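Single-structure report; data block below.
The values are calculated or read from the model by the stated rules, or taken from the named source; none is laboratory data. As the structure is a prediction and not an experimental result, all values here were calculated from the model. All Cβ positions, glycine included, derive from the backbone under ideal geometry; neighbour counts span all protein chains shown. Ligands, DNA and RNA are excluded from the accessible area calculation, which covers all protein heavy atoms including side chains. Shrake-Rupley method; radii C 1.70, N 1.55, O 1.52, S 1.80 Å.
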Amino acid sequence: ACICEKLGVSLSDTVAFGDSPNDLEMLQTVQLGFAMGNAHPALKAQISHSCPRFDEDGLFKGFEMAGLIE
């Protein structure tokens, strides 16, 4: 949230991707948080959006799912 304030970006315009339990707070803070396909089971259990693994074009597909690219 602090970085958004410094950059003048609204939290409603944020997306994040994570795979580790230490990413939980970030994924819960942004507007749209994705657990990667290879994410730790504890993280996947708490995040409602997911995308494929990184080595399965997960970021690209996540960007598509978030409506950032076509």
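Computed quantities for the displayed model
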{"read-out": "Index of the failed condition, S48 passing every other in (1) modelled with pLDDT of 95 or more; (2) under 18 Å from G67 (Cα atoms)", "value": "(1)"}
{"read-out": "Those residues of region 37-55 which are under 13 Å from the mean Cα position of the chain (by Cα) and charged (D, E, K, R), in sequence order", "value": "K44, R53"}
{"read-out": "Single residue of region 51-70 satisfying the filter (over 21 Å from D13 (Cβ atoms) and either aromatic (F, W, Y) or touching a helix residue (DSSP H, G or I) at 6+ places or on another chain (Cβ under 8 Å) (or both)) that is most open to solvent (accessible area, probe 1.4 Å)", "value": "F54"}
{"read-out": "Filtered residue count, region 1-39, keeping only those that are in contact with a strand residue (DSSP E or B) (Cβ under 9 Å, 6 or more places away or on another chain), aliphatic (A, V, I, L, M) and farther than 14 Å from R53 by Cβ", "value": "7"}
{"read-out": "Any hit, region 21-33, residues being touching a residue at least 24 places away in the same chain (Cβ under 8 Å) and charged (D, E, K, R)", "value": "no"}
{"read-out": "Positions within region 1-50 being open to solvent by 60 Å² or more (accessible area, probe 1.4 Å), outside any loop (DSSP other than H, G, I, E, B) and of a type in the set (G, A, S), in sequence order", "value": "S12, S50"}
